[in-house]
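The values are calculated or read from the model by the stated rules, or taken from the named source; none is laboratory data. What you see is a predicted model, and the numbers here were worked out from it, not measured in a lab. Areas reflect the complete protein model, heavy atoms only, side chains present, ligands, DNA and RNA absent. Shrake-Rupley method; radii C 1.70, N 1.55, O 1.52, S 1.80 Å.
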Amino acid sequence: MVLNIEEEIDARIAAMEAEPQASSGSHIVRREILFITEAVHTTGAEALSPVRGLAQIEVCGTATPSSEVRRGIIRFRPRDELRAPYYKEADRTIRLWLDIAHLDHLAMQLNHRKRWLWIGIWPDGYTYADVHSRP
């Protein structure tokens, strides 16, 4: 079975019926989709007051034909430090903040055979991003 990621993302966008932005057709939602081929896990510390530990995973791979993305940076933070995802044109990178409680789940996903990171950008500026995988 061939996996059509573009169609799957269209279905995900359509399924967001609880969001006001879902009234926008999938054809006007900009999306960047990255098939993940490599992941580098990093940890560190940041000199804020108080000092806090950091965890992030940088992924790279291949963009779908309709995308230009080259990599993704997934940062793990406590729930009260999360930020909205965004796509930076200059370095073609999706940036995504996830609750630190999801670190184990994402590590499991990165062990799956097929995995991809995507971001949707609606005309009014609403953004949504997540990681999908299939064993």
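The heavy atoms of TYR86 present about 80 square angstrom of accessible area, all protein chains included, probe 1.4 Å.
Our note on the geometry: Cα centres of region 99-129 and region 38-91, 10 Å apart.
Residue separation times 0.36 nm, minus the C-alpha to C-alpha distance between GLU89 and GLU38: what's the value? Write out the running numbers ahead of the final one.
Numbers: separation 51, 0.36 × 51 = 18.36 nm, distance 2.08 nm.
Stretched fully, the GLU89-GLU38 segment lengthens by 16.3 nm.
Segment GLU6..LEU82, full-extension length gain: 24.6 nm, with 0.36 nm per residue of separation and the alpha-carbon distance subtracted. Can you give the accessible area of LYS88, probe radius 1.4 Å, in Å² rounded to 10? My reading of the accessible area for LYS88 is about 90 Å².
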